[in-house]
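S.K.: So that we are looking at the same thing, I have put the structure below in structure tokens.
The values are calculated or read from the model by the stated rules, or taken from the named source; none is laboratory data. Treat the numbers as computed from the prediction; the structure is a model and nothing was measured. Glycine also receives a Cβ, built like all others from the backbone with ideal geometry; neighbour counts cover every protein chain displayed.
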Amino acid sequence: MQFTVSSDQLHDALKTAKRGSARSATMPILEDVLIREKEDRVTLRGTDLEAHVKTSLPVQMEPTMGLDESVAEATEATLPVDRLTSTLKELPDMPVEVTIDTEGKVTLETDQGSYEMQGHQAEDFPDLPEMDPEEEMDAAPLEGALEKVAFCMSEDALRPAMEGVFLDAEGNAVVATDGHRLSRVQMEVPLNESVIISRAGVSLMQRVIGEGTTLAIGEDRAWVVLRGEGTSVYSRLIDETYPNYESVIPDNNDKTLRVNREEMVGATKRTGIYSSSMTNQIRLTLHPDRLTLDAEDVERSSEAEEKVFCEFNGEEEMEIGFNAEYLETVLSKTVAEEVKMKLSSPNRAGLVRPVGDEDHLMLLMPVMINGHG
């Protein structure tokens, strides 16, 4: 195989495929990217066995006539992607000639020099999962939903179902929760059965998803594939039962706080600096026309207090504690000018809704503060 291509285009395509590759793999070949000749294009694919990223780009393929036999017969191989991308990154955009032989030797030729490296033979590279898509949906509407919920995915390996995003076909919702926070976007999920997309799959899909992309679920419901223009992401689904998230969403929070979102984010960030490093706790004290945020780090003799104008319909003053980092993140996952917090008592979950985006609901569990055992 021998072809000529722009160094920048090859670099970008390799970077895309590399996102699927393993790091420090027990199988060294998984650190490579597979390259395969296909008429006047080459396809590139990286995998860590849990996900595959496949992309392609047009090239000027050299006719096999006149090539060395070992080059002419090479139609696929694996590329040492780290060394190759590092080389291409340091080159100006220029035509590069890539030559690959049947032993996996890769040669890069430019006007400035030549570079040789050794890949592996392609037969040892894992195959793509066999996909007989049972269901397919337009993926574009998922783009915004994933952005709004992905931050709530759990990192607890003991709760694998929560380590992904739940596409709830029955409840028509996209959901993620880590047990402390929950984010749900109500939207049509046109699937026959619900699925859980892994953290790695979500991260890879967010780089590709957009207008014209489709999401397909395999018949065995083991894999999901997102197909975009020139790039596809395959991800193994999480084979677990998602927890009954609806059961933790309170429906009788009768106290409403309405506040400017940016002012609340700023006050939370600044006050949180003075919270205990052990608990990261801040206290919210709600009055009809103002909200007081305060935090104290006894060990470092530090404290802070801020006031923010708000609307609060509670008949009495109310105190509730939250993890400052969690509260800040929840408030930052919307661009709404104002947010509403629905509260009940200091030991019950609070609900956050962006004003003007009623399909998006976030839940935040409180932390106990002095006087509320």
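S.K.: How many of the residues in region 337-373 are closer than 12 Å to ARG258 by Cα and either in a loop (DSSP other than H, G, I, E, B) or assigned by TED's automatic domain parsing to the domain that holds ARG181 (or both)?
M.R.: 2
S.K.: Another question about this same structure. For region 38-97, which positions are without any contact (Cβ under 8 Å) to a residue 60 or more places away in the chain, of a type in the set (A, V, I, L, M, F, W, C) and exposed (fewer than 14 other Cβ atoms within 10 Å of the Cβ)?
M.R.: The one that is without any contact (Cβ under 8 Å) to a residue 60 or more places away in the chain, of a type in the set (A, V, I, L, M, F, W, C) and exposed (fewer than 14 other Cβ atoms within 10 Å of the Cβ): MET65.
Conditions (1) assigned to a strand (DSSP E or B); (2) in the same structural domain as SER235 (by TED's automatic domain parsing); (3) over 19 Å from PRO129 (Cβ atoms), marked per residue:
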{"residue": "LEU30", "(1), (2), (3)": "no, no, no"}
{"residue": "THR64", "(1), (2), (3)": "no, no, yes"}
{"residue": "LEU67", "(1), (2), (3)": "no, no, yes"}
{"residue": "ALA74", "(1), (2), (3)": "no, no, yes"}
{"residue": "ALA77", "(1), (2), (3)": "yes, no, yes"}
{"residue": "ASP82", "(1), (2), (3)": "no, no, yes"}
{"residue": "THR85", "(1), (2), (3)": "no, no, yes"}
{"residue": "THR102", "(1), (2), (3)": "no, no, yes"}
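S.K.: Additional query: Is it the case that some residue within region 344-361 is at positive phi and surrounded by 14 or more Cβ atoms within 10 Å (Cβ to Cβ)?
M.R.: As a first pass, look at region 344-361 and keep what is at positive phi: 356.
When the remaining residues are screened for being surrounded by 14 or more Cβ atoms within 10 Å (Cβ to Cβ), the result is none.
So far as region 344-361 goes, no, none of its residues is at positive phi and surrounded by 14 or more Cβ atoms within 10 Å (Cβ to Cβ).
S.K.: Follow-up. Looking at (1) part of a strand (DSSP E or B); (2) among the β-branched types (Val, Ile, Thr); (3) within 29 Å of GLN206 (Cα to Cα), which one does VAL149 not meet, given that it meets all the others?
M.R.: Condition not satisfied by VAL149: (1).
S.K.: What number of residues within region 98-119 satisfy the criterion of being over 20 Å from GLU31 (Cα atoms), loosely packed, with under 13 Cβ neighbours inside 10 Å and not polar (S, T, N, Q)?
M.R.: Residues meeting the conditions: 2.
S.K.: While we're looking at this one, here's another question. TYR234 fails exactly one of the following numbered conditions: (1) under 18 Å from the mean Cα position of the chain (by Cα); (2) assigned by TED's automatic domain parsing to the domain that holds LEU286. What is the number of that condition?
M.R.: (2)
S.K.: Specify the residue that is surrounded by the most Cβ atoms within 10 Å (Cβ to Cβ); the eligible residues are those in region 194-214 that are of a type in the set (Val, Ile, Thr) and without any contact (Cβ under 8 Å) to a residue 60 or more places away in the chain.
M.R.: Step one: filter region 194-214 for residues of a type in the set (Val, Ile, Thr), giving 195-197, 202, 208-209, 213-214.
Next cut, without any contact (Cβ under 8 Å) to a residue 60 or more places away in the chain only: 195-197, 202, 208.
Working: VAL195: 22, ILE196: 23, ILE197: 27, VAL202: 21, VAL208: 21.
Checking each candidate, the answer is ILE197.
S.K.: Provide a single number: the residues in region 14-42 that are of a type in the set (Ser, Thr, Tyr) and out of contact with any helix residue (DSSP H, G or I) (no Cβ under 9 Å at 6 or more places or on another chain).
M.R.: Initial filter on region 14-42 (of a type in the set (Ser, Thr, Tyr)): 16, 21, 24, 26.
Subsequent filtering for residues that are out of contact with any helix residue (DSSP H, G or I) (no Cβ under 9 Å at 6 or more places or on another chain) retains 16, 26.
Adding up the residues that qualify gives 2.
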